[in-house]
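Trainee: Before I ask anything, let me first share the structure, which is written out below as structure tokens.
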Amino acid sequence: MTAKMITANGIEQCYETTGPEGAPWVTLVHGSGDNRNGWWLQVPALAESFRVLTYDVRGHGDTETPEDDSLSQKTFVDDLAALLDGLGIERTALIGYSMGGGIVRNFAATHPNRVWGAVISNGGRLDPPPPANEEEARAAQAMREERMAGIRAGGMDFVFEGWREQVYTPEFLVARPETVEAHYAVTTANDPEKYVRVMAGMGGQSGVDVANITSPTLIIVGAGDQYTGPEAAQALAEAMTGTQAGVEVFPTRHGTPFERHEEYNRTLLDFLNQNKPTN
């Protein structure tokens, strides 16, 4: 694949496409701290049967990331909608990991007619409640500022080392260091200043109603995921009253696409093949 740039939603977005021309589109939305290359274990399998789009979410990879105090979760949805428009993609399946799962959730709720299938992987839970009072709000802001200072001081190494044990099980860290190192290379290829600029927009309230999601939906979660566990996944599925969402639990922590990629890919392909459009 060769990376290309396109102006969409007022910024230069970096993307790649692969797979057979004319096949149904599948768009992959990476996690926080990753970039389009974070799907290296999935793209070859998916591209055998589908036209695959990967892109760098704002704040990651080579996508332009201007300073903008008004960023919100809606910004990421608007970026993706504009990217699809620019590429002439009317409908696509969406697969999102971690932060990307939230973007998929929000996009599918905002643009239901453009999504023929949605996979929300290890992320995309229901919105957390807003701070109960000013004290909680100040504490949350202080934690965010502390993390931003840590990233500015330690770079993307600080990011990766901060969640290595949450992403991978201890057994996998020992057994498959090459996969962990490849993931490390993806994360540390990002510009820490660009990443810091969008951190505030990743959290907070999404403002979407997941009952608006109408496409077939699969929620994937790790049994030991400390970020978005099985209970949160089930609560999200039950709130999707516009569709019947399935929940698949893997014996992993947060990093299901990396740690169980072969089984994960089979699960994706089964879902996509069962739901792909016929025209």
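Trainee: Taking the stretch 128-167 as the search range and keeping residues that are in a loop (DSSP other than H, G, I, E, B) and touching a helix residue (DSSP H, G or I) at 6+ places or on another chain (Cβ under 9 Å), which one is farthest from residue 201 (Cα to Cα)?
Mentor: Pass one, the stretch 128-167, residues in a loop (DSSP other than H, G, I, E, B): 128-133.
Right, trim to touching a helix residue (DSSP H, G or I) at 6+ places or on another chain (Cβ under 9 Å) and you get 130-131.
On the way: 130: 15, 131: 16 Å.
Only one residue fits best here, namely 131.
Trainee: May I pose another question? State all residues of the stretch 161-183 that are modelled with pLDDT under 95 and within 16 Å of residue 256 (Cβ to Cβ); if no residue qualifies, say none.
Mentor: 163
Trainee: Where in the stretch 1-117 are there strands (runs of 3 or more DSSP E), lying fully within it, with 1 or more residues that are among the basic types (Lys, Arg)?
Mentor: 4-8, 51-55
Trainee: So, one more: Under 9 Å by Cβ, and 6 or more places apart or on different chains, what pairs join a residue from the stretch 17-31 that is of a type in the set (S, T, N, Q) with one that is modelled with pLDDT of 95 or more and part of a loop (DSSP other than H, G, I, E, B)?
Mentor: Correct list of pairs: 18/47; 27/89.
Trainee: Another question, then. Which of the residues spanning the stretch 15-33 are surrounded by 21 or more Cβ atoms within 10 Å (Cβ to Cβ) and either of a type in the set (Val, Ile, Thr) or more than 20 Å from residue 118 (Cα to Cα) (or both)?
Mentor: Of everything in the stretch 15-33, those that are surrounded by 21 or more Cβ atoms within 10 Å (Cβ to Cβ) and either of a type in the set (Val, Ile, Thr) or more than 20 Å from residue 118 (Cα to Cα) (or both) turn out to be 26, 27, 29, 33.
Trainee: So, one more: Tell me the residue from 66, 44 that is free of Cβ contacts under 8 Å to residues at least 12 places away in the same chain and out of contact with any Pro (no Cβ under 7 Å at 6 or more places or on another chain), please.
Mentor: Answer to the check: 44.
Trainee: Right, another one. Quickly run through the stretch 229-241 and pick out the residues that are open to solvent by 20 Å² or more (accessible area, probe 1.4 Å) and either among the hydrophobic types (A, V, I, L, M, F, W, C) or within 16 Å of the chain's Cα centre (by Cα) (or both).
Mentor: Scanning the stretch 229-241 gives 232, 235, 239.
Trainee: Going through the stretch 95-126 one residue at a time, which ones are of a type in the set (A, V, I, L, M, F, W, C) and under 18 Å from residue 239 (Cβ atoms)?
Mentor: Matches in the stretch 95-126: 103, 104, 107, 108, 109, 115, 118, 119, 120, 126.
Trainee: Right, here's the next one. Can you tell me which residue is farthest from residue 210 (Cα to Cα) among those in the stretch 220-279 that are touching a His at 6+ places or on another chain (Cβ under 8 Å) and among the small types (Gly, Ala, Ser)?
Mentor: Only one residue fits best here, namely 255.
Trainee: Considering the stretch 182-210 alone, what residues qualify as being open to solvent by 20 Å² or more (accessible area, probe 1.4 Å), touching a residue at least 40 places away in the same chain (Cβ under 8 Å) and outside any loop (DSSP other than H, G, I, E, B)?
Mentor: 182, 192, 193, 194, 197, 199, 200, 202
Trainee: Of the numbered conditions (1) within 17 Å of the chain's Cα centre (by Cα); (2) open to solvent by 10 Å² or more (accessible area, probe 1.4 Å); (3) more than 24 Å from residue 248 (Cβ to Cβ), residue 43 satisfies every one except a single condition; which is it?
Mentor: (3) is the only condition that residue 43 fails.
Trainee: Can you tell me which residues in the stretch 127-148 are at pLDDT 85 or above, among the hydrophobic types (A, V, I, L, M, F, W, C) and either closer than 24 Å to residue 208 by Cα or within 24 Å of the chain's Cα centre (by Cα) (or both)?
Mentor: Residues satisfying the conditions are 143, 148.
Trainee: Which one of 226, 244 is open to solvent by 60 Å² or more (accessible area, probe 1.4 Å), polar (S, T, N, Q) and under 18 Å from the mean Cα position of the chain (by Cα)? It would help to see each step written out before you state the result.
Mentor: Values: 244 fails: under 18 Å from the mean Cα position of the chain (by Cα).
That would be 226, the only listed residue that is open to solvent by 60 Å² or more (accessible area, probe 1.4 Å), polar (S, T, N, Q) and under 18 Å from the mean Cα position of the chain (by Cα).
The values are calculated or read from the model by the stated rules, or taken from the named source; none is laboratory data. The model shown is predicted, which means the values in this text are computed figures rather than measured ones. Using ideal geometry, Cβ is built from the backbone for each residue, glycine included, and neighbour counts are taken over all protein chains shown. Keep in mind that these areas ignore ligands, DNA and RNA; they rest on the heavy atoms of the full protein, side chains included. Shrake-Rupley method; radii C 1.70, N 1.55, O 1.52, S 1.80 Å.
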